[in-house]
Amino acid sequence: MASAPIDKKKVVFRAKLAEQAERYEEMKDFMKTVVQKSVPIKLNQEERNLLSVAYKNVVGARRASWRVLDSLSKRNLSDTDSDAEAKKKQSYAVQYKKKVENELTDICNDVLDLLNDFLLKNKDISAEEKVFYCKMKGDYHRYKAEYLFDITGCIQMASKAYEAALTESKELKSTNPIRLGLALNFSVFHYEIKKNKAQACSLAKSAFDNAVGELEDLTEEQYKDATLIMQLLRDNLTLWQSEGDAPDDDESAREMS
C-alpha cells in the first residue's frame, strides 16, 4: 500500500532550517523524504539545490576523513614503538579507514537510488533537470571510484552518466551554471580518476571559452553565477597546465556540488 503524500513545503522548510544549523545529516534525511514521498516526484530548482547541498556536505566530510586515514594507513605511525606495535597502530588506521569507506558507500548508494528509482524515472523533466541529475549520478560514482579497490565499474558508470549529461547539456546556454558545473566536474573526473590530463584540460578550456563569448548577454545575477564557476575552471586549468605530464595526486582540483 502506497504511503500518503507528505506536506512538501513543511519538509523542505525543515531542510532549510537544518542547513542553517549545519545539521547536514538531518537535512539529507528531510530531502530524501521529499524525493521518496512527494506526489508528483518533481523538484524545483531550490529543492534540487537543497538535495545536492545536503548530500554533498555529508559525503564531503567522509571524503576528507578518508584522505587523512588513507595517508596514515600507508606510513609508520610512530618512530618509538616496536615493529609489532607500529604494525598494530597501522592496522587500526586501516580498520578505521574501512569504516569510513562503508559509510561512503552507503551514502553514495543512497543518492544513486534516489536518482535511478525516482528522479530520473520521471519522464516530465526538462533538459536542465536531466543534466543536473545525470551530473549528480556521475559525481557519486566518481566518489566511489576514489576509494574502492575495483573501480572499473564505477568509472564506467560515471562516464556513462557524465556523457548523458553532456549530450543533454547542448540544449542549455554555454553560460548556464549547470552546464558549466558539469564541465567542471567531468573534467575533474578525467584528471583525477582517469588520469587523462589532456582530456581534462580540453573539456575545461572548451567550456570556459564558449561561455566567455556569451557573458555580455547575461543579467548581473546570471553573470555572477556563471563567472564563479568559470573561475574554478580557470583555476583548474592553471593548476593542470603548470604540472608535468602526469597528474599530481597531492593537488586536488576544485569542483562543484
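The values are calculated or read from the model by the stated rules, or taken from the named source; none is laboratory data. Owing to the predicted nature of the structure, the values given are computational and were not obtained by experimental measurement. As a convention, Cβ positions derive from the backbone with ideal geometry for all residues, glycine included, and neighbour counts pool all protein chains shown.
The table that follows gives values for the structure above.
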quantity	calculated
Flag if K99 is among the basic types (K, R), part of a helix (DSSP H, G or I) and buried (at least 22 other Cβ atoms within 10 Å of the Cβ)	no
Whichever residue in segment 232-248 is of a type in the set (S, T, N, Q) and more than 19 Å from the chain's Cα centre (by Cα) and, among such residues, is modelled with the lowest pLDDT	S242
Test: residue in segment 36-44 that is without any contact (Cβ under 8 Å) to a residue 40 or more places away in the chain, of a type in the set (K, R) and closer than 22 Å to I125 by Cα	yes
Pairs with Cβ under 7 Å, 6+ apart, first in segment 123-134 and of a type in the set (A, V, I, L, M), second assigned to a helix (DSSP H, G or I)	A127/E168; V131/A165; V131/E168; V131/S169; V131/I178; V131/R179; V131/L182
Residue match in segment 109-121 (condition: among the polar types (S, T, N, Q), part of a helix (DSSP H, G or I) and either without any contact (Cβ under 8 Å) to a residue 40 or more places away in the chain or closer than 20 Å to V12 by Cβ (or both))	yes
In segment 165-184, the residues that are out of contact with any helix residue (DSSP H, G or I) (no Cβ under 6 Å at 6 or more places or on another chain) and either buried (at least 22 other Cβ atoms within 10 Å of the Cβ) or in contact (Cβ under 8 Å) with a residue 40 or more places away in the chain (or both)	K173, N176
Subset of segment 146-160 [in contact with an Asp or Glu (Cβ under 9 Å, 6 or more places away or on another chain) and either among the aromatic types (F, W, Y) or touching a residue at least 40 places away in the same chain (Cβ under 8 Å) (or both)]	E146, Y147, L148
Residue in segment 203-221 that is assigned by TED's automatic domain parsing to the domain that holds E255, under 18 Å from the mean Cα position of the chain (by Cα), among the polar types (S, T, N, Q) and assigned to a helix (DSSP H, G or I) present	no
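Yes/no matrix, rows are residues, columns are (1) assigned to a helix (DSSP H, G or I); (2) closer than 24 Å to L239 by Cβ; (3) in the same structural domain as A211 (by TED's automatic domain parsing); (4) acidic (D, E):
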site: M157; (1), (2), (3), (4): yes, no, yes, no
site: E163; (1), (2), (3), (4): yes, no, yes, yes
site: L166; (1), (2), (3), (4): yes, yes, yes, no
site: K173; (1), (2), (3), (4): no, no, yes, no
site: G181; (1), (2), (3), (4): yes, yes, yes, no
site: F186; (1), (2), (3), (4): yes, yes, yes, no
site: K195; (1), (2), (3), (4): no, yes, yes, no
site: A198; (1), (2), (3), (4): yes, yes, yes, no
